[in-house]
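The values are calculated or read from the model by the stated rules, or taken from the named source; none is laboratory data. Because the structure is predicted, anything quoted here is derived from the model rather than measured. All Cβ positions, even for glycine, are placed from backbone atoms using ideal geometry, and neighbour counts span all protein chains on display. Ligands, DNA and RNA are stripped out before the accessible areas are found, and what is left, the full protein with its side chains, is counted by its heavy atoms. Shrake-Rupley method; radii C 1.70, N 1.55, O 1.52, S 1.80 Å.
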Amino acid sequence: VVMHGINMVYKLPPYYPQAIGFGADDAAFLKRIGFNSVRVGVLWQAVEPRPGVYDDAYLSHIASTVRTLSRFGIVSLLDFHQDQYNQRFQGEGFPDWSVQDDGLPAQPQLGFGADYVGMPALSRAYDHFWANSPGPGGVGLQDRYAAAWQHVAARFAGDRNVMGYELMNEPWPGTIWSSCAQTQGCPTFDTGPFADFYHRVIAAVRRADRHQLIWYEPQVLFNYGSNTNLPPLGDRRLGFAFHNYCLQHDEGGQSSTCPTFDDLVFKNALAHVAATGDGLLETEFGATTDPQVLGPAVQRADQNMVSWVEWAYCGCRDPTTSGPGAQQAIVFDPAKPPRGSNLNLPTLGFLVEPYPQLVSGTPTSWGFDRTTRKFSFKYSTARASGRRRFKAGSLTEVATPAMVYHGHYAVRVSGGAVASRRGAALLVVASCPRARSVTVTVTPARRSRRQGSCRLPAAHATPRPGSR
């Protein structure tokens, strides 16, 4: 399964997407552009507004968004989102009652990003969190956090429309941060309090939900080239969720050095999952209209066959961002229909592309040339385990969005046959008997055409639209 999607995180009260106007028309739009996933922000301060008291009405709003997306074939990644801890530090995410800064002044207030390195009170609050310092009622801050996650997991356990739980957005290491600001990262933090935190929260989630994927992030400086030293976390259903931003571009608008650092981020992420066996998902990148950043970012993910979720669906008065909302949005105002002047078409032009969504085999490469609009994809019919192959006639699905082909394309398949109607937004390929590999090529055409290398098996002659 390959994911392309978008973040929908509303960081202001009441902290759920419906409150800013995100609804069925937005979900329908995401389906039209070929997206199949949304990272939905869930804020601890909304889940647990008072110590030990959970707001189930808030979780019902989140569940409503999950259901709305599911009606259009889109799955949700639930993300405990935070930036800069709490509003006291020009941030959001953690409840007021969890703030322990030893009375240090929340000064100077330098804005998102700069506050991390310039506001000692902010790092002190994180220090207390990583130490699991006793909070209200003498209960450790991490213990409260883990219990909140357990409550959320109990609410969504068994929900097939949820693709997992992302335990924390962009963890800041606290006053030890300078030891992380180097290419080798910070093993003392990663293998100590950081790993302890993940063990604690994973155990809590598993008490409520034994089966759902759990996604964990590295410390936030990983985004800019610092490596992770997190050890294997001891759960067989884990995924590594990483972000990829160009610090030089964010701080000064220069993108010339971005490819070097972006390649390093991907190298580190791929090496980590090769060592742990965990899944891999890029859950943030973008937040810019710069084609020299967006274009290579998408191409790099394709080259490495990595699923992604871009930042972000809307600006939504975001209080913790490196630029104005118009720079990060694909839809400017979710309260209005997602069409015409409400769309950020230049950004969409880089994000909307053909890609394999469901592969009955093991993908070996795919890529899209935006100039010619040619899509090339190759996969082996062998199972990813290396044991046995998928049987003949097994289906593979490729998104071919109307924004790219307008319903008119030619498809040529070697080792398979086309099982979908001409010009369908979801191209379905059935593998041929004895095929060891399948190659799919899609190009724009005035009249839709399809060519395969075998006859379509009778069972797939008239496939059910949107079948999985």
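Only one of (1) in contact with a His (Cβ under 9 Å, 6 or more places away or on another chain); (2) surrounded by fewer than 23 Cβ atoms within 10 Å (Cβ to Cβ) is not met by residue 176, so which one is it?
Answer for residue 176: the failing condition is (1).
Look at residue 169 and say whether it is touching a residue at least 60 places away in the same chain (Cβ under 8 Å) and open to solvent by less than 20 Å² (accessible area, probe 1.4 Å). Walk me through how you get there before you give the answer.
On the way: touching a residue at least 60 places away in the same chain (Cβ under 8 Å): yes; open to solvent by less than 20 Å² (accessible area, probe 1.4 Å): yes.
Yes: the conditions hold for residue 169.
Take residue 153 and tell me if it is open to solvent by 10 Å² or more (accessible area, probe 1.4 Å), among the small types (Gly, Ala, Ser) and either at pLDDT 95 or above or within 22 Å of residue 192 (Cα to Cα) (or both).
Details: open to solvent by 10 Å² or more (accessible area, probe 1.4 Å): no; among the small types (Gly, Ala, Ser): yes; either at pLDDT 95 or above or within 22 Å of residue 192 (Cα to Cα) (or both): yes.
Criteria not met by residue 153.
Of all residues being out of contact with any Phe, Trp or Tyr (no Cβ under 7 Å at 6 or more places or on another chain) and more than 24 Å from residue 195 (Cα to Cα) in region 114-137, which is least open to solvent (accessible area, probe 1.4 Å)? Just the residue, please.
118
So in region 45-87, with the set limited to residues that are aromatic (Phe, Trp, Tyr) and within 21 Å of the chain's Cα centre (by Cα), which one is surrounded by the fewest Cβ atoms within 10 Å (Cβ to Cβ)?
By that ranking, first place goes to 72.
I need the strands (runs of 3 or more DSSP E) fully contained in region 299-407, keeping only those with at least 2 residues that are at pLDDT 95 or above and out of contact with any Asp or Glu (no Cβ under 9 Å at 6 or more places or on another chain). Before the answer, list the steps.
Working: elements: 307-310, 355-358, 362-369, 374-380, 395-399.
Those strands (runs of 3 or more DSSP E) span 362-369, 374-380, 395-399.
Quick check on residue 310: is it in contact with a strand residue (DSSP E or B) (Cβ under 6 Å, 6 or more places away or on another chain), closer than 26 Å to residue 170 by Cβ and surrounded by 18 or more Cβ atoms within 10 Å (Cβ to Cβ)?
Spelling it out, residue 310 is indeed in contact with a strand residue (DSSP E or B) (Cβ under 6 Å, 6 or more places away or on another chain), closer than 26 Å to residue 170 by Cβ and surrounded by 18 or more Cβ atoms within 10 Å (Cβ to Cβ).
Restricting to region 88-137, name every residue that is charged (D, E, K, R) and within 30 Å of the chain's Cα centre (by Cα).
Hits for region 88-137 are 88, 92, 96, 115, 124, 127.
Across region 273-283, which residue is most open to solvent (accessible area, probe 1.4 Å) among those that are part of a helix (DSSP H, G or I) and in contact (Cβ under 8 Å) with a residue 12 or more places away in the chain?
By that ranking, first place goes to 275.
Would it be correct to say that residue 270 is outside any strand (DSSP E or B) and surrounded by fewer than 20 Cβ atoms within 10 Å (Cβ to Cβ)? I'd like the intermediate steps shown before the answer.
On the way: outside any strand (DSSP E or B): yes; surrounded by fewer than 20 Cβ atoms within 10 Å (Cβ to Cβ): yes.
So residue 270 passes the test.
State whether the residues of region 183-201 include one that is hydroxyl-bearing (Ser, Thr, Tyr), farther than 21 Å from residue 58 by Cα, surrounded by 20 or more Cβ atoms within 10 Å (Cβ to Cβ) and in contact with a Cys (Cβ under 7 Å, 6 or more places away or on another chain). Even if it seems obvious, please write down each step before you answer.
Taking region 183-201 as the starting set, the residues that turn out to be hydroxyl-bearing (Ser, Thr, Tyr) are 183, 188, 191, 198.
Of the ones still in play, those that are also farther than 21 Å from residue 58 by Cα are 183, 188, 191, 198.
In the following step, the residues that additionally are surrounded by 20 or more Cβ atoms within 10 Å (Cβ to Cβ) were identified as 198.
Still in the running and in contact with a Cys (Cβ under 7 Å, 6 or more places away or on another chain): none.
Checking region 183-201: not a single residue is hydroxyl-bearing (Ser, Thr, Tyr), farther than 21 Å from residue 58 by Cα, surrounded by 20 or more Cβ atoms within 10 Å (Cβ to Cβ) and in contact with a Cys (Cβ under 7 Å, 6 or more places away or on another chain).
Would you call residue 350 open to solvent by 40 Å² or more (accessible area, probe 1.4 Å), of a type in the set (A, V, I, L, M, F, W, C), within 25 Å of residue 75 (Cα to Cα) and without any contact (Cβ under 8 Å) to a residue 24 or more places away in the chain?
no
Which of the following residues is in contact (Cβ under 8 Å) with a residue 40 or more places away in the chain and closer than 29 Å to residue 325 by Cβ: 93, 111?
Of the residues listed, the single one that is in contact (Cβ under 8 Å) with a residue 40 or more places away in the chain and closer than 29 Å to residue 325 by Cβ is 93.
Name the helices (runs of 4 or more DSSP H) wholly inside region 5-73 in which the number of residues that are without any contact (Cβ under 8 Å) to a residue 40 or more places away in the chain is 1 or more.
Working: elements: 24-32, 44-47, 56-70.
Of the helices (runs of 4 or more DSSP H) lying wholly inside region 5-73, those with at least 1 residues that are without any contact (Cβ under 8 Å) to a residue 40 or more places away in the chain span 44-47, 56-70.
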